[in-house]
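Only one structure is covered here, and it is reproduced in the block below.
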Amino acid sequence: MTVLYAAGAGAFAAIRGGRVELSLEGMGAGCLAVAPEDPWLVYAGTHDEGVFRSSDGGRGWERAAALPHRRVTALAISPRDRTLYAGTEPSSLFVSRDGGESWRELEGLRRLPSAPTWSFPPRPWTSHVRAIAPSPADAGLVLVGIELGGVVRSPDGGVSWQDQRPGAVADCHALAVHPADSGLVYEAGGGGFAESRDFGGNWEVRNEGLRHRYVWGLAVDPVDPGRAYVSAASGPGRAHGRGDSGAAIYVRRDGRRWEALRENLSAFPYALATAPDEPGVLYAGFGDGRVCRLGGGGLREVATVPGGVAALVALPERF
């Protein structure tokens, strides 16, 4: 049985064997990072309370060291050297090499020529780091997605930066990499789906078959790096509004056209995750709090998280 970590405005949830254990109630957790070699070690970024750390799979939490900006919008752990990255609003990137005991800002991100133009439409005076993708092959190589500002790239752990990459979607919502193909990166964004074959140096938009182009959730099959999943709606109003989202979940196999797995969904699927022990199975976290399994048996609800789901991680039971 796969173990799931889910986070949203209402709580963090650890879902094990049909049991849901809640914690961080009311803290507004919006992003998660799990240590690659220690799934008990979990980091949660909150809307206005900074970063929290759990060493027991979410049963107990402690605050990490304070960041200059309390709104943490993205977290990632390097699979190469366990470096912890935190992205914030306003758009800044911080690094910790001691598990969140201390932070150092990678100030070069804010000095990029395009930085003054970054603007998040609902709050146009600001922007935020939406996604962070460290390379599984090179500890110095990291990508950062800005909402709204594009995808930028550092070849040296954040010392220097390459500005908005050619072909990337400017309104970045998610980035995904696969350890079996160290050059392949996927992006979900407000203009659709893009892929890079040189770890973010150059990008190509690949929207063939996507009826909806406002793409948000993103996941890659744990075995096959050529199989990707996205969630999408016709626009931000349908995705984030109070009415029926009309959203869809799509799959793309071996670089072919996108195919709809589920369409006309009432709640928006904000978070997608694939399970290491379940190739071909997709988990989806919805804005109404449902966490569902999509596999051979159709779409099956496995849990409900108060306040909706913003982030989802799937882990093998054996840990």
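The values are calculated or read from the model by the stated rules, or taken from the named source; none is laboratory data. Every value quoted in this text rests on a predicted model; they were computed, and no experiment measured them. Note: ideal-geometry Cβ built from the backbone for every residue, glycine included; neighbour counts use all protein chains shown. Ligands, DNA and RNA are stripped out before the accessible areas are found, and what is left, the full protein with its side chains, is counted by its heavy atoms. Shrake-Rupley method; radii C 1.70, N 1.55, O 1.52, S 1.80 Å.
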From the option list 156, 163, 244, 221, single residue qualifying as surrounded by 17 or more Cβ atoms within 10 Å (Cβ to Cβ) and either over 26 Å from residue 78 (Cβ atoms) or charged (D, E, K, R) (or both) is 221
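Give the number of residues within the stretch 275-309 that are open to solvent by less than 50 Å² (accessible area, probe 1.4 Å) and either in a loop (DSSP other than H, G, I, E, B) or at pLDDT 95 or above (or both).
16
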Filter the stretch 261-274 for residues that are out of contact with any Gly (no Cβ under 6 Å at 6 or more places or on another chain) and over 14 Å from residue 234 (Cα atoms); the one that is least open to solvent (accessible area, probe 1.4 Å) is 273
Those residues of the stretch 12-28 which are at pLDDT below 95 and touching a Ser or Thr at 6+ places or on another chain (Cβ under 7 Å) amount to 27, 28
Next item on the list: Tell me, yes or no, whether the stretch 195-208 has at least one residue that is among the hydrophobic types (A, V, I, L, M, F, W, C) and free of Cβ contacts under 8 Å to residues at least 40 places away in the same chain.
Entry: yes
Problem set entry | Residue check for residue 22: open to solvent by 60 Å² or more (accessible area, probe 1.4 Å) and either aliphatic (A, V, I, L, M) or touching a Cys at 6+ places or on another chain (Cβ under 9 Å) (or both) | yes
| query | Regarding residue 139, is this residue among the hydrophobic types (A, V, I, L, M, F, W, C) and not in a strand (DSSP E or B)? | reply | yes
